[in-house]
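Below is one structure, written out as structure tokens, with a few remarks after it.
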Amino acid sequence: MLKLQDAEIFYGQMEVIKKVSLEVKQGELVSVIGANGAGKSTLIKAMMGLVKIKHGKLFYEGEDITDYPAWKRAELGIGYVPEGRRIFGDLSVEENLKMGAYKIKDKAQIKRNLEKAYDMFPKLSERRNQLARTMSGGEQQILAISRALILEPRLLLIDEVSMGLMPIMVNYCFSLIKELNQQGITVLVVEQNANKVLKIADRGYLIETGQIMVEGTAESLRQNDVVLKAYLGE
Amino acid sequence: MLLQQIINGFMIGCVYALTAMGGTLIYGILRILDIANAAAYVVGAYLGWVIYATTGNLAVAFFLSMALTGAIGVLIQKFIYTPILNKPNIIPIVPLITSVGIFIFTGDFIRLLVGPEIKDFGVILPFSVIKLGRIVINPEWILIIIMTAILLSLLWFVLNKTKLGLAWRATAGDSEIAETMGVNIQKVMALSYIMGYGFASAAGMMIGVLYSSIYPTMGDIPSYKMLAIIVLGGLGNPIGTIAAGLVIGLSETLISAYVGSVIPRDAIAFLVLITILLVKPTGLISRKNSI
């Protein structure tokens, strides 16, 4: 479904992603793990079109989308949950969701999708007229996820969902991601919390200083020496 | 008389708010201080003067002058600012200096075109002086109240009740994320320029009508007073800008009426700015970005 081929990404002169190839198949839940500054966020931003891929190609359902702007990727069915949530704090909860539906022309469909989000997350419904920044971190994360779901994406890119959340919310978010995946949405998660994410993922990649060091099934990653030592704290 | 002074200050504040609004709308999206907004003030006044002289209809003059100045704004955005901002590693001082350049160029261009002398706007307004006891409200003030009310309601409507306005607010909050949702940033920028330059043009015309005079350097003092209002309003906050415009207008009028000319009138805006920023560094109403 999503295929990254020999991608190289630069920040100025510095190469932050070095010839990375990665694939997400239809229906999978794939995770990219690694330490802070390894290039995880850059990688997922490049897939959404927020960072330019200098060399290499990115394919989505066989289509070369390397040079597509972010919004065109959103239209193709790629949803994005950014690191740090980045909800629109000065907008109400409902307006945040409406922004998620920005590309939908049919008003009835917007309304249906909003109702669906409210059914799924009653908290959001209670707070629909409240400014988004007045909500707790966990609620903001739910809002960021719902905002991405409004456009009915087939592929969801999620960046550091657990960051800055209370443990109970972290667990909730991971089980929610698993549930969304079981409902048929293909998911790519970038995550520092390797322990948690490898429990829900089908496959995983370990990235270090812009290169993929290990890849394989989530199970094999959990047994891998490098992963065990550096990321699972054993 | 206090009430009279308050009314006077309120009126001037309305004009200040309209003048600075463009700067606020543009800062909200592009994060640049656009001094050339004061050029729109001058251009608007001159266009209005020409159109009024030809058509004799003030409403037409206002409408056409705003539309034309707004269109000029979009052209400046498309052909000057966007290419500059798209250059890699651009530092914010570059667009700022560019806008100063556009402003100076415009004033000089008008001087070459129509001459440096003061032109008489020569408007006969359809309202008469209203007297309530000892309070006098001039016909020009009535025009200013009506125009400000119409324009600010229009702004409120666009920002809060239209899809493009929602996109404007989202983009002002986080342009990168707004873009991932399908917002065409160029369109949002164009909205900022059309409305911003249009408002500045209306403000220039109002001042032209009020003092019955326009001249090429009429934008000089508004250009820096506008900066004080934009900063005081919390940088990029439309409601803050209205509040800041009124605060500056009122304090100017009241201080020069009651303290006298110890402090030059045009310095008061900055005294107020500095005093308020010392107490509240984020401005009157700060924007709270969610990161």
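The values are calculated or read from the model by the stated rules, or taken from the named source; none is laboratory data. All of these numbers come straight from a predicted model, not from anything done at the bench. A quick note on method: Cβ atoms are made from the backbone with ideal geometry, for glycine too, and the neighbour counts reach across all protein chains shown. Heads up: the accessible areas ignore ligands, DNA and RNA and are worked out on the full protein's heavy atoms, side chains in. Shrake-Rupley method; radii C 1.70, N 1.55, O 1.52, S 1.80 Å.
Within region A:213-224, the presence of at least one residue that is surrounded by 15 or more Cβ atoms within 10 Å (Cβ to Cβ) and under 16 Å from residue A:36 (Cβ atoms) is confirmed. Restricted to region A:17-38, and to residues there that are among the polar types (S, T, N, Q) and within 12 Å of residue A:215 (Cα to Cα), the residue that is surrounded by the fewest Cβ atoms within 10 Å (Cβ to Cβ) is A:21.
Residue A:128 meets each of the listed conditions (1) over 20 Å from residue A:29 (Cα atoms); (2) within 14 Å of chain B (Cβ to nearest Cβ) apart from (2). Residue B:125 meets each of the listed conditions (1) farther than 30 Å from residue A:77 by Cβ; (2) assigned to a helix (DSSP H, G or I) apart from (2). Residues of region A:155-204 that are modelled with pLDDT of 95 or more, in contact with a Ser or Thr (Cβ under 8 Å, 6 or more places away or on another chain) and open to solvent by 60 Å² or more (accessible area, probe 1.4 Å): A:202 alone. In the set B:239, B:274, B:221, only one residue is within 14 Å of another protein chain (Cβ to nearest Cβ), open to solvent by 50 Å² or more (accessible area, probe 1.4 Å) and not aromatic (Phe, Trp, Tyr); that residue is B:239. Of all residues in region A:78-99 being under 13 Å from residue A:117 (Cα atoms) and not acidic (Asp, Glu), which is farthest from the other protein chains (Cβ to nearest Cβ)? The selected residue is A:93. Cβ separations smaller than 6 Å between residues 6+ apart or across chains give no pair from region A:43-66 residues that are within 11 Å of chain B (Cβ to nearest Cβ) and open to solvent by less than 20 Å² (accessible area, probe 1.4 Å) to residues that are assigned to a loop (DSSP other than H, G, I, E, B) and of a type in the set (S, T, N, Q). Looking for something within 14 Å of residue A:155 (Cβ to Cβ), in contact with a Ser or Thr (Cβ under 9 Å, 6 or more places away or on another chain), within 14 Å of another protein chain (Cβ to nearest Cβ) and not β-branched (Val, Ile, Thr) - is there at least one such residue anywhere in region A:15-30? No, that holds for no residue.
The residues listed here are A:188, A:206, A:143, A:198; of these, the one that is of a type in the set (A, V, I, L, M, F, W, C), in a helix (DSSP H, G or I) and over 22 Å from residue B:174 (Cα atoms) is A:198.
Selection of region B:17-61 for residues being under 22 Å from residue B:169 (Cβ atoms), among the aliphatic types (A, V, I, L, M) and open to solvent by 30 Å² or more (accessible area, probe 1.4 Å) yields only B:33.
Please indicate, with yes or no, whether at least one residue in region B:62-78 is open to solvent by less than 30 Å² (accessible area, probe 1.4 Å) and farther than 21 Å from residue B:186 by Cβ. Yes; the residues of region B:62-78 include at least one that is open to solvent by less than 30 Å² (accessible area, probe 1.4 Å) and farther than 21 Å from residue B:186 by Cβ. So for region B:158-174 (the condition being away from every other protein chain (no Cβ under 14 Å) and out of contact with any Cys (no Cβ under 7 Å at 6 or more places or on another chain)), does at least one residue qualify? Looking through region B:158-174, at least one residue is away from every other protein chain (no Cβ under 14 Å) and out of contact with any Cys (no Cβ under 7 Å at 6 or more places or on another chain). For region B:180-236, the set of residues classified as of a type in the set (S, T, N, Q) and on the phi < 0 side of the Ramachandran plot consists of B:180, B:184, B:186, B:192, B:201, B:213, B:217, B:223, listed by residue number.
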